[in-house]
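Down below is the structure, laid out as structure tokens.
The values are calculated or read from the model by the stated rules, or taken from the named source; none is laboratory data. Computed from a predicted model, the values in this text were never measured in an experiment. Cβ atoms come from the backbone with ideal geometry, glycine included; neighbour counts cover every protein chain shown. SASA here: full protein model, heavy atoms, side chains in, ligands and nucleic acids out. Shrake-Rupley method; radii C 1.70, N 1.55, O 1.52, S 1.80 Å.
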Amino acid sequence: MYQLSINNMSPEAFLKEYWQKKPLLIKGGFKDFQDPLSAEELAGLAMEDSIESRLITNHDENWLAHHGPFENFDKLTETNSTLLVQAVDHWHPPAAELLEPFRFIPNWRIDDLMISYSTPKGGVGPHLDQYDVFIIQGEGKRHWRVGMPDASLKQFTKDKALLQVEQFEAIIDDILEPGDILYIPPGCPHEGYAVENALNYSVGFRAPDQKDLISSFADHIIDEEAGKNRYSDADLSIRASIGEINFDDKRKIQAMLTGLIENDTLYSQWLGTYLSQPKHDMDLAPLDDALVAEFLEDEVEPHDTVIRSGGVRAVYQITDTHILLSVNGENYTLPKNTLEQVKLLTDSTAFSFEQVKPALISLEFKQTLTTLINDGLFYIEAWS
């Protein structure tokens, strides 16, 4: 397990002083850092159809982006090239462990682990991201420059898949070595180029915008066949102008829209599915011989370990009457007296079966846990 040290700061101090405020170079954030995978293993993942990958080259300032899956790596040249693989935590359990030290941030905010391999002078150019990211230096060294947000910076496209930004004034200008970590808030311009063959691990965070939220909520309303109340105006009176949409008209229509969001059941159901939905494919292994909830305690030994599969997103909400557990876009309604066991499902990546046994008196919890195991979202590792 990786132990994170943030320049001798507590997580609380980091959140107060740096989170979404200013970038931070964390020297030796992981002591004696060991890469969880090799460049060859990363290349192997980039050959898979289900895994999103890119290869970016910048020879003579001619930037090109090539999209996987790759059959060969002829374009991964000895200099000026970078291979990037998205959501590696979904497919490689040892790499997924790199996310754990950053789980002082709520689960729903953590997105995925992107890993890149660069040859000397390889990178993706100066650019902006609209989300927080921790970049961990693995094998090799990389030169990074990071600036503060500047609305006057112009963005442009070097390749249709590469949006870059003009040169900027850096407040961090340093070479990262294995175990060093760079925190970059949204909107901070940054660029990094490998000094030598280098592996980098990027822990990215979700930051949905209003457009995405409204679009998803509208889809949920349609799926649930909600929102069927129609506009009415029994108090209508003669107006001086029939062309005007007056204040009362606007207020009534606005109330119809906000009424949907204020419907706590509808809103909570949507929020759980939306925030727990993974963006990328996953390496799940549903059971061939499905467990039966009634016999779950006969099939699993108390000391067996229940493990959450890599990339599985699990969150919960507490309502007036129940707990709403959301796992990978599916909602499960559970009684409030199972809260401690629900927290195991969402807050821990592994726990003993014995720890959840107190909640098995609840048929809803027992059926939910059985379903999660049968679908491969959680799996059992026998105790030995």
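Summary of computed values
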quantity: Any pair with Cβ under 8 angstrom, 6 or more apart, that starts in region 145-164 at a residue that is within 16 Å of Q130 (Cβ to Cβ) and ends at one that is aromatic (F, W, Y) and not in a loop (DSSP other than H, G, I, E, B); calculated: L162/W63; L163/F156; Q164/W63; Q164/F156
quantity: Of all residues in region 338-368 being touching a residue at least 40 places away in the same chain (Cβ under 8 Å) and under 15 Å from S326 (Cβ atoms), the one that is most open to solvent (accessible area, probe 1.4 Å); calculated: D347
quantity: Residue tally, condition under 30 Å from V88 (Cβ atoms) and not in a helix (DSSP H, G or I), over region 239-280; calculated: 4
quantity: Count of residues meeting criterion [β-branched (V, I, T), over 20 Å from E301 (Cβ atoms) and in contact with a helix residue (DSSP H, G or I) (Cβ under 7 Å, 6 or more places away or on another chain)] in region 334-368; calculated: 2
quantity: Lone unmet requirement of (1) touching a helix residue (DSSP H, G or I) at 6+ places or on another chain (Cβ under 8 Å); (2) open to solvent by less than 40 Å² (accessible area, probe 1.4 Å) for N229; calculated: (2)
quantity: Failed condition for M47, given (1) more than 23 Å from E100 (Cβ to Cβ); (2) modelled with pLDDT under 95; calculated: (2)
quantity: Filtered residues of region 182-210 (kept if touching a Ser or Thr at 6+ places or on another chain (Cβ under 9 Å) and crowded, with 19+ Cβ neighbours inside 10 Å); calculated: G192, Y193, A194, A198, L199, N200, Y201, S202
quantity: Number of positions in region 1-40 that are surrounded by fewer than 17 Cβ atoms within 10 Å (Cβ to Cβ) and more than 18 Å from G204 (Cα to Cα); calculated: 18
quantity: Residues of region 311-331 satisfying the condition of being of a type in the set (S, T, N, Q) and either open to solvent by 70 Å² or more (accessible area, probe 1.4 Å) or more than 18 Å from W91 (Cα to Cα) (or both); calculated: Q317, T319, T321, S326, N331
quantity: Unmet requirement for M47, which otherwise passes all of (1) hydrophobic (A, V, I, L, M, F, W, C); (2) open to solvent by less than 60 Å² (accessible area, probe 1.4 Å); (3) assigned to a loop (DSSP other than H, G, I, E, B); calculated: (2)
quantity: Members of region 325-337 that are touching a Phe, Trp or Tyr at 6+ places or on another chain (Cβ under 9 Å), in contact (Cβ under 8 Å) with a residue 40 or more places away in the chain and not hydrophobic (A, V, I, L, M, F, W, C); calculated: S326, G329
quantity: Members of region 1-44 that are of a type in the set (K, R), in a loop (DSSP other than H, G, I, E, B) and farther than 19 Å from E100 by Cβ; calculated: K21, K22, K27
quantity: Residue in region 58-69 that is open to solvent by less than 50 Å² (accessible area, probe 1.4 Å), assigned by the TED database to the domain that holds P186 and either part of a loop (DSSP other than H, G, I, E, B) or of a type in the set (D, E, K, R) (or both) present; calculated: yes
quantity: Residue check for K75: open to solvent by 70 Å² or more (accessible area, probe 1.4 Å), farther than 21 Å from Y201 by Cβ, in contact (Cβ under 8 Å) with a residue 12 or more places away in the chain and among the charged types (D, E, K, R); calculated: yes
quantity: Only one of L275, L284 that is within 33 Å of the chain's Cα centre (by Cα), at pLDDT below 95, open to solvent by less than 70 Å² (accessible area, probe 1.4 Å) and within 27 Å of E48 (Cα to Cα); calculated: L284
quantity: Lone qualifier among A240, A255 - being more than 26 Å from Q317 (Cα to Cα) and surrounded by fewer than 12 Cβ atoms within 10 Å (Cβ to Cβ); calculated: A240
quantity: Checking L64 against (1) within 28 Å of D281 (Cα to Cα); (2) modelled with pLDDT of 95 or more; (3) not basic (K, R), the condition it does not meet; calculated: (2)
quantity: Residue in region 291-300 that is in contact (Cβ under 8 Å) with a residue 12 or more places away in the chain and within 27 Å of A95 (Cα to Cα) present; calculated: no
quantity: Residue ID - farthest from I181 (Cα to Cα), chosen from residues in region 113-171 that are among the β-branched types (V, I, T) and open to solvent by less than 30 Å² (accessible area, probe 1.4 Å); calculated: V165
quantity: Residue in region 287-310 that is least open to solvent (accessible area, probe 1.4 Å), counting only those that are under 28 Å from the mean Cα position of the chain (by Cα) and not hydroxyl-bearing (S, T, Y); calculated: V306
